[in-house]
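Visitor: Quick one: this structure, given as structure tokens, is what I'll be asking you about.
The values are calculated or read from the model by the stated rules, or taken from the named source; none is laboratory data. Computed from a prediction, not measured in an experiment: that's the story for all the values here. Neighbour counts run over all protein chains shown; Cβ positions are idealised from the backbone, glycine included. In case anyone asks, the SASA skips ligands and DNA or RNA and just uses the protein heavy atoms, side chains included. Shrake-Rupley method; radii C 1.70, N 1.55, O 1.52, S 1.80 Å.
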Amino acid sequence: MNNKGFDLWATSYDQTVQVSDQNEEYPFAGYDEMMDVLFEKANQLPCSKILDVGIGTANLAHKLYNEKHRITGIDFSQNMLEIAKGKMPFAKLHLADLSKGMPQQLQDEKYDIIMSNYALHHFEDATKVKIIKSLLSLLEPAGELFIADISFDTELAQQKCKERNIHHWDDDEYYFIATKLLPVVSNFAHVQYKKYSQCGGIWTIKNKG
């Protein structure tokens, strides 16, 4: 789905997510639990500088914003950003397409926490790796990158999920598969993956050294 599609989806996005999660269905099963986990991880230190990549309607970011964290967000949907701005009037929000690289406004910034929730599955694995490397370069030395997304332990697990959800499966997306990506990311970063549902998990990534 392109940015125009997300612009159209913006007003009903939150409801779509909640229905899918409450019914424990693909693609958003486990969503609320993972957002609660990320909130606890990101809220450990006061006034952290946080970057949300693919901030969308700011479901998680606005909770951290209310805890006085300094929020920067990027998204490629103007309508999504307008909803986020309504929740966080003093956040720094940028319209940007990750497929074209990190926005120039972030080049000299460093963040305590970077998070990306349900955004990177739109990219092939090679592009995911490039984006992860770019995000790691924006972290403070003790910073952490958290990715909550549609994820599977193995290709077989993904295939089984697809068979159960074939009537609304999206073949145009590239979901995280731990057995494929963990070895690649481990070459340049410390990485952990934890599964939270049939189709959701959290990746915790830190710079080496």
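Visitor: Scan segment 154-173 and tell me whether some residue there is under 30 Å from Tyr111 (Cα atoms), open to solvent by less than 30 Å² (accessible area, probe 1.4 Å) and of a type in the set (S, T, N, Q).
Guide: Scanning segment 154-173, I find no residue that is under 30 Å from Tyr111 (Cα atoms), open to solvent by less than 30 Å² (accessible area, probe 1.4 Å) and of a type in the set (S, T, N, Q), so the answer is no.
Visitor: Conditions: (1) outside any helix (DSSP H, G or I); (2) buried (at least 21 other Cβ atoms within 10 Å of the Cβ); (3) of a type outside the set (Ser, Thr, Tyr). Met80 meets all but one. Number of the miss?
Guide: (1)
Visitor: Are there any pairs with C-beta distances below 9 angstrom linking a residue in segment 146-173 that is within 24 Å of Leu60 (Cα to Cα) to a residue that is exposed (fewer than 12 other Cβ atoms within 10 Å of the Cβ), with the two at least 6 apart or on different chains, and if so which?
Guide: Here the result reads Phe152/Gln159, each pair linking segment 146-173 to a residue that is exposed (fewer than 12 other Cβ atoms within 10 Å of the Cβ).
Visitor: Tell me, please, whether a residue that is within 16 Å of the chain's Cα centre (by Cα) and exposed (fewer than 15 other Cβ atoms within 10 Å of the Cβ) can be found in segment 106-121.
Guide: No.
Visitor: Given (1) surrounded by 13 or more Cβ atoms within 10 Å (Cβ to Cβ); (2) at pLDDT 95 or above; (3) among the aromatic types (Phe, Trp, Tyr), where does Phe90 come up short, assuming only one miss?
Guide: So Phe90 meets the others, but not (1).
Visitor: While we're looking at this one, here's another question. Could you please let me know if Gly73 is open to solvent by less than 30 Å² (accessible area, probe 1.4 Å), under 14 Å from the mean Cα position of the chain (by Cα) and at positive phi?
Guide: No.
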